Amino acid sequence: MRWSGRRESNNVEDHRGGGGGRPAKLAIGGGLGLVVLIVGALLGVDTQSLLGGGGAGPSAPTSGAQAPLNDEQKRFVSVILADTEQTWGALFKAQGKRYQEPKLVLFEGQVASACGHQSAAVGPFYCPADQKAYLDLTFFGDLDRRFGAPGDFARAYVVAHEIGHHVQNLLGTSTDVHRKRQAMGKVEGNRMAVRLELQADCYAGVWAHAAHRERKLLEPGDLEEGLRAASAIGDDTLQKRGGGRVQPESWTHGSSAQRVKWFRRGFETGQPSACDTFAVGAP
């Protein structure tokens, strides 16, 4: 990606080394770690090899040698966040609305949010209660080494997906889905969760469309990096990787094929209206 030297967002909060806890509320888009943990709970398989060890998941950086890498990664996510602000700001304005920019919180190991105290094992997540996305930068290493989805655009896709959840929150979609799930059984509720996650994938594609067509951020091979990342964190792929059988009724984020499909749809159309994963016949 051609991201170096571009504007960085002022909405990044660096909480690395922080801690604390708050009352738990609903968090959205728990990312790769959360999917893996759910798979393990449902199938009774050992997920620690997927998460890279025991306990709270990916370990926080402990040596000074890692700091420069994380400083560059901080600049990177700041640029990506700024670009999502530009994309969604323009799209909301075109609809006569004002886009409320979210905060992106960087943390190490664990973090306190308005959705409760979370560990890095849940992966990146978005908290509607405080309108913040949360990211432990060590997750990018896991995405590369353990799940075969390297590259800066794969990492940008992760950020854009969580911002997609913010868009859903602003539009009232998240609240509506949460309310409906309260009246559903587990399997039906899981299907609604899948639709919510796939829409966030599509919204990530909408951002990528604007970043590529309007600002030329993408380079050859970047789209493929994003598609590999979407495929790597499909529920079916994670269930197979975890040593269990594929159980669609337990999915909460969608299959690899579904995640690729909706990300690509957002990328090809550039239109949020194309991201209606709740329509009859979708996903």
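Any read-out appearing in this document is the output of simple, stated calculations on the displayed coordinates, not a laboratory observation. Computed from a predicted model, the values in this text were never measured in an experiment. Positions of Cβ are backbone-derived with ideal geometry, glycine not excepted, and every protein chain shown enters the neighbour counts.
Order of 146-157, 213-224 by packing, highest average Cβ count within 10 Å first?
Highest to lowest by the protection proxy: 146-157, 213-224.
Using the Karplus curve 6.51 cos²θ - 1.76 cosθ + 1.60 with θ = phi - 60°, what ³J(HN,Hα) values do you get for each residue of the range 77-82, in whole Hz, with x for Gly and Pro?
Per-residue couplings from phi come out as 5, 5, 5, 4, 4, 4 Hz.
How would the range 82-146 be classified by its alpha-carbon gyration tensor: rounded, prolate or oblate, with rounded meaning a/c under 1.5 and the a/b versus b/c comparison settling the rest?
Oblate.
Assuming a ≥ b ≥ c are the square roots of the Cα gyration tensor eigenvalues, decide whether the range 205-283 counts as rounded (a/c under 1.5), prolate (otherwise, with a/b larger than b/c) or oblate.
Oblate is the answer for the range 205-283, as a/c is 1.5 or above yet b/c matches or exceeds a/b.
Pull up all non-local amide H partners of CYS115: gap of 5 or more, or a different chain, and H-to-H distance under 5 Å with H placed in the peptide plane.
Sorted by chain and number, the residues that satisfy this are LYS25.
For VAL12, which sequence-distant residues (separation of 5 or more, or a different chain) have an amide H within less than 5 Å of its own amide H, given hydrogens modelled in the peptide plane?
The answer is LEU104.
Could you give the length gained on full extension between ALA129 and ARG245, defined as 0.36 nm per residue of separation minus the Cα-Cα distance, in nm?
38.3 nm
For GLU224 and ALA183, what does the FRET efficiency come to when R0 = 35 Å and r is the distance between their Cβ atoms, rounded to the nearest 0.05? It would help to have the intermediate numbers written out before the result.
Working: r = 41 Å, r/R0 = 1.16.
Here the calculated transfer efficiency is 0.30.
Under the rule of at least 5 residues apart or a separate chain, name every residue whose amide H is placed under 5 Å from the amide H of LEU217.
HIS212
Could you give the length gained by full extension between SER273 and HIS15, i.e. 0.36 nm per residue of separation minus their alpha carbon distance, to one decimal place?
89.4 nm
Among 225-232, 103-110, how do they line up by average Cβ neighbours within 10 Å per residue, starting with the highest? Could the numbers behind the result be given before it?
Details: 225-232: 23.4, 103-110: 21.1.
Top of the packing list down: 225-232, 103-110.
Quick one: Karplus J couplings for the range 254-271, per residue in order, coefficients 6.51, -1.76, 1.60, θ = phi - 60°, nearest Hz, x for Gly and Pro?
3J(HN,Hα) across the range 254-271, in whole Hz: x, 6, 4, 5, 5, 5, 5, 4, 7, 5, 5, 4, x, 5, 6, 9, x, 10.
Mind ordering 265-273, 182-190 by average Cβ neighbours within 10 Å, highest first?
265-273, 182-190
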